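Novice: Below you will find the structure I want to go over with you.
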Amino acid sequence: MRELAGSVALVTGGGSGIGRAIAQALAQSGARVAVCDINGAAAADTASGIRDAGGEALAVPMDVADETAVNEGVDETVRRFGRLDTIVSNAGIQIVHPIEDFPYDEFRRMLDIHLGGAFLLTKAAVRHMYPQGSGSLIYMGSVHSHRASPLKSAYVAAKHGILGLARVMAIEGAKHGVRSNVICPGFVRTPLVDKQIPEQAATLGISEADVVSKVMLKDTVDGEFTTLDDVAETAVFLAGFRSNAFTGQSITVSHGWHMA
Ligand SMILES: NC(=O)c1ccc[n+]([C@@H]2O[C@H](COP(=O)([O-])OP(=O)(O)OC[C@H]3O[C@@H](n4cnc5c(N)ncnc54)[C@H](O)[C@@H]3O)[C@@H](O)[C@H]2O)c1
């Protein structure tokens, strides 16, 4: 299946986890992919893996919270590949504290990366998409775009904010042929989640096995983690959808943890 042949995609946080899986899946579907990450070596590793598999990829070191770096990375992608069809705003980190202990600078850093990064990437991308008359904006939300959990005030606030940004972009982008949607995964085993398991065990005073079964997967229908492939396939679907029929939506991929 090469439904994205001839198209160009840019993925942030493409050096690890979900972003890497999405970059690989978009490339397998025929897209040329700019792999952006604050960790330039990790971005280069993803890009060279894609090239080894016969795809086309460019590694772009980028801090998504740095407006100049985002603008330059987007422009470099268009210079190299000639156009921009899909962005996947995915880069993210996790910081958890009860609110009374949450340092404001850490709260702001979370908002800057997740929500500010999505804003900056959108602003840079539409400069190229609007004149083309087409584009797909894909944002990495979370079940935490719809639900709340303790200790995650910054993450939940940022992920809820992404829904708002995406809905505005569905309206503003429509007359330019630009669609805007959010993917909301449940827990996926990536470095971001693996780091939280011992942290939450210590904070909540329970075992790591209980963090997985009684906290993370408690409300799923089958006690299963969402997989990288589940999320990557959803991104390929959203990248390739043909009309504005599918815009302003959030798709939850979570083994039934959140049903919407
Ligand atoms: N893993 C999950 O269970 C899960 C669930 C729902 C949503 N998400 C979201 O998916 C996205 C990716 O998470 P993941 O689990 O793959 O994490 P990950 O830690 O495996 O990968 C995140 C990547 O983002 C990069 N990054 C961090 N800060 C950056 C910055 N300022 N600029 C550019 N790149 C930066 C990191 O270097 C890393 O390569 C995040 O937005 C996360 O909130 C993850």
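Values quoted throughout were computed directly from the atomic coordinates according to the rules given, and no laboratory measurement underlies them. Being a predicted model, the structure only gives us computed values, none of them experimental. Ideal geometry is used to build each Cβ from the backbone, glycine not excepted, and the neighbour counts take in all protein chains shown.
Novice: Per DSSP H run of n ≥ 4, the term is -39500 (n - 2.57); total these for the chain, divide by its residue number, and report the mean residue ellipticity at 222 nm rounded to 500 deg cm²/dmol.
Specialist: Theoretical 222 nm ellipticity from helices: -14000 deg cm²/dmol.
Novice: With a 10 Å Cβ neighbour count serving as the proxy for reagent exposure, in which order, fewest first, do V64, V8, V212 appear?
Specialist: In order of increasing Cβ crowding within 10 Å: V212, V8, V64.
Novice: Applying a 10 Å radius around every beta-carbon, put 108-117, 44-53, 179-188 in order of their mean neighbour count, most first.
Specialist: Ranking, from highest mean packing down: 179-188, 108-117, 44-53.
Novice: Can you list the HN-Hα couplings for segment 95-107, worked out from phi with the Karplus curve (6.51, -1.76, 1.60; θ = phi - 60°), rounded to whole Hz and with x for Gly and Pro?
Specialist: 9, 10, 7, x, 4, 5, 10, 7, x, 4, 5, 6, 4
Novice: Right, something else. Can you give me the long-range amide H partners of A59? Hydrogens built in the peptide plane at 1.01 Å from N, cutoff under 5 Å, separation of 5 or more residues or another chain.
Specialist: V35
Novice: Karplus couplings for segment 200-210 from phi (6.51 cos²θ - 1.76 cosθ + 1.60, θ = phi - 60°), rounded to Hz, Gly and Pro as x?
Specialist: 5, 4, 5, 5, 8, x, 10, 6, 5, 4, 6
Novice: Assuming a ≥ b ≥ c are the square roots of the Cα gyration tensor eigenvalues, decide whether segment 127-168 counts as rounded (a/c under 1.5), prolate (otherwise, with a/b larger than b/c) or oblate.
Specialist: prolate
Novice: Please rank I162, I38, fewest neighbouring Cβ atoms within 10 Å first, as an exposure proxy.
Specialist: In order of increasing Cβ crowding within 10 Å: I38, I162.
Novice: What span do the alpha-carbon atoms of the chain cover on each of the three principal axes, reported in whole Å from largest to smallest?
Specialist: 53, 35, 35
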